[in-house]
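Here the structure is laid out as structure tokens; the discussion comes afterwards.
The values are calculated or read from the model by the stated rules, or taken from the named source; none is laboratory data. If you're wondering where the values come from, they're calculated on a predicted model, not measured in any experiment. Backbone-built Cβ (ideal geometry, glycine too); neighbour counts: all protein chains shown.
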Amino acid sequence: MICCTAAFCTGVPKIHYDLQDNSAVVEPTGVWEKVTSPGVQNNVSTPPGMLAYSISENDILFNWKPSIDTSRLSGQADIVGALLTLDESLLVIAEQVGGTGRPNSTRLVFVNVINNKICGGMMLEKRRVKKIITIPGMSNKILAIQEAQSVFQNHNALLVIDLKRKRITQAGPGFDQPINSVCTDGSSAWVSFENNNTFAEIDLEDPDKKPRYCDAKKPVLALVYNPSSRNIISFGSGICEFFSINRHSLFLEKSLLLPDNFTTVWELSLPHLPNGVLIQNKDGKGLVVTSGGAVPIAARLEPYGCMLTDRTLLAGTADRSRIDNITLPDCAVSRYFAPSSLRPFSRNKTIFIFPRTTSPQEIIILDERGNVFKLALSGRRGRKTVLLLTDRTGVR
């Protein structure tokens with residue numbers, strides 16, 4: 001089956017272009033302070049070839065107190081995304097500024113994970129971001145999903161952000177429907193839209209170029225790129241579809257029905273498995289999907305996880321933030337880690353984990369209040385250390 005292009009698709013989101021309006025103001029929230037302090041080296045102990053070295057601002061002390069998510073009684077930080085750069089040296093935290101239900105900007109906080117220092121940051125003025133991801137082959141650039149803000153006359157769009165230059169280098173065409181998912185192979189990006197069967201392919205070298213569109217059988221809830229099979233995997237309610245990438249179009253290779261009309265709310269690519277993806281529904285049920293079928297995860301999941309260098313999976317669970325180490329593709333739990341029960345103790349929920357290829361291997365843990373820890377996956381329980389702590393006054 002050959003998927004349709006923009007000329008023939010029904011329900012294709014209308015394209016708009018980003019226009020800025022300087023009349024509205026974003027209310028400052030949280031604390032972001034830069035204090036001149038000669039002699040401070042925020043790239044100390046960092047190899048010069050790493051992104052964290054080149055991006056660090058020296059002779060400055062940074063103080064960050066995250067904005068509070070006022071929509072939640074727990075008072076957690078208003079963190080909308082995070083990623084670890086491809087060279088594993090820099091943690092980028094995306095924080096919403098302005099509060100809930102108001103005009104927003106997005107602050108990116110740069111944390112050097114080699115020396116445990118905040119080493120810089122940047123503000124995406126009048127841009128409300130909902131997700132950030134790395135771009136294969138581009139160590140200093142990331143992708144961001146922008147949500148429309150009518151007060152600024154900007155639209156739902158995909159942004160390319162250069163971390164070294166601290167600026168948006170490319171902003172593709174805007175759409176009249178919210179973007180709910182994005183994936184990329186480094187040269188193209190694919191985005192899906194809320195309540196829409198159609199997803200779009202955007203050329204990252206020329207994001208203003210007219211997108212190429214493809215239709216799925218049901219509204220697309222999530223898109224995943226799998227590098228081992230070079231497929232785009234689309235998830236709708238109760239179904240996943242495997243599309244092969246062609247120079248001129250996308251081809252539907254096969255469909256797979258998911259048990260119990262499974263509705264995906266979070267997804268993680270499993271790059272070492274052909275067509276491998278971990279998906280989770282709103283009830284915490286998880287499935288490992290491959291072209292051969294779907295295998296259930298026994299534990300109730302939380303929406304975070306990562307792959308390790310030994311090709312096993314770490315998946316967060318609802319059991320006191322326990323992290324299960326799962327072998328693939330059989331989905332057996334080989335061991336688990338409970339970082340909240342390790343010193344320094346923390347009851348805050350984990351929201352992101354990222355792997356580093358250290359020896360022993362470690363993961364970076366970001367919690368709901370903006371605290372960051374390292375967990376070395378050694379021994380029976382692992383070894384936890386502090387990377388960054390925040391409190392009412394900021395970083396401590």
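Table for the structure above
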quantity	calculated
Evaluation of residue 195 against (1) surrounded by fewer than 18 Cβ atoms within 10 Å (Cβ to Cβ); (2) touching a strand residue (DSSP E or B) at 6+ places or on another chain (Cβ under 8 Å) (one fails), failing number	(2)
Among the residues listed as 202, 233, 161, the single one being touching a Pro at 6+ places or on another chain (Cβ under 6 Å), part of a strand (DSSP E or B) and touching a residue at least 40 places away in the same chain (Cβ under 8 Å)	202
Unique match (being surrounded by 16 or more Cβ atoms within 10 Å (Cβ to Cβ) and of a type in the set (Ser, Thr, Tyr)) among 346, 359, 378, 341	346
The lone exception for residue 72 - which of (1) within 22 Å of the chain's Cα centre (by Cα); (2) touching a residue at least 24 places away in the same chain (Cβ under 8 Å); (3) loosely packed, with under 13 Cβ neighbours inside 10 Å it fails	(2)
Segment 71-94, residues that are in contact with a Ser or Thr (Cβ under 6 Å, 6 or more places away or on another chain) and either of a type outside the set (Gly, Ala, Ser) or modelled with pLDDT of 95 or more (or both)	78, 83, 86, 87, 94
Unmet requirement for residue 29, which otherwise passes all of (1) part of a strand (DSSP E or B); (2) surrounded by 21 or more Cβ atoms within 10 Å (Cβ to Cβ)	(1)
Selection within segment 201-250 - under 22 Å from the mean Cα position of the chain (by Cα), at pLDDT below 95 and more than 22 Å from residue 270 (Cα to Cα)	202, 203, 204, 205, 207
Selection from segment 362-396 of residues that are free of Cβ contacts under 8 Å to residues at least 60 places away in the same chain, assigned to a loop (DSSP other than H, G, I, E, B) and under 21 Å from the mean Cα position of the chain (by Cα)	371
Entirely in segment 242-314, the strands (runs of 3 or more DSSP E) that have 2 or more residues that are closer than 30 Å to residue 211 by Cα and among the charged types (D, E, K, R)	250-257
Any hit, segment 289-298, residues being crowded, with 17+ Cβ neighbours inside 10 Å, at pLDDT below 95 and either of a type in the set (A, V, I, L, M) or on the phi < 0 side of the Ramachandran plot (or both)	yes
Residue that is surrounded by fewer than 17 Cβ atoms within 10 Å (Cβ to Cβ), more than 19 Å from residue 178 (Cα to Cα), touching a residue at least 24 places away in the same chain (Cβ under 8 Å) and aromatic (Phe, Trp, Tyr), where the choices are 242, 251	251
Flag if residue 384 is under 20 Å from residue 305 (Cβ atoms), basic (Lys, Arg), crowded, with 18+ Cβ neighbours inside 10 Å and in contact with a strand residue (DSSP E or B) (Cβ under 7 Å, 6 or more places away or on another chain)	yes
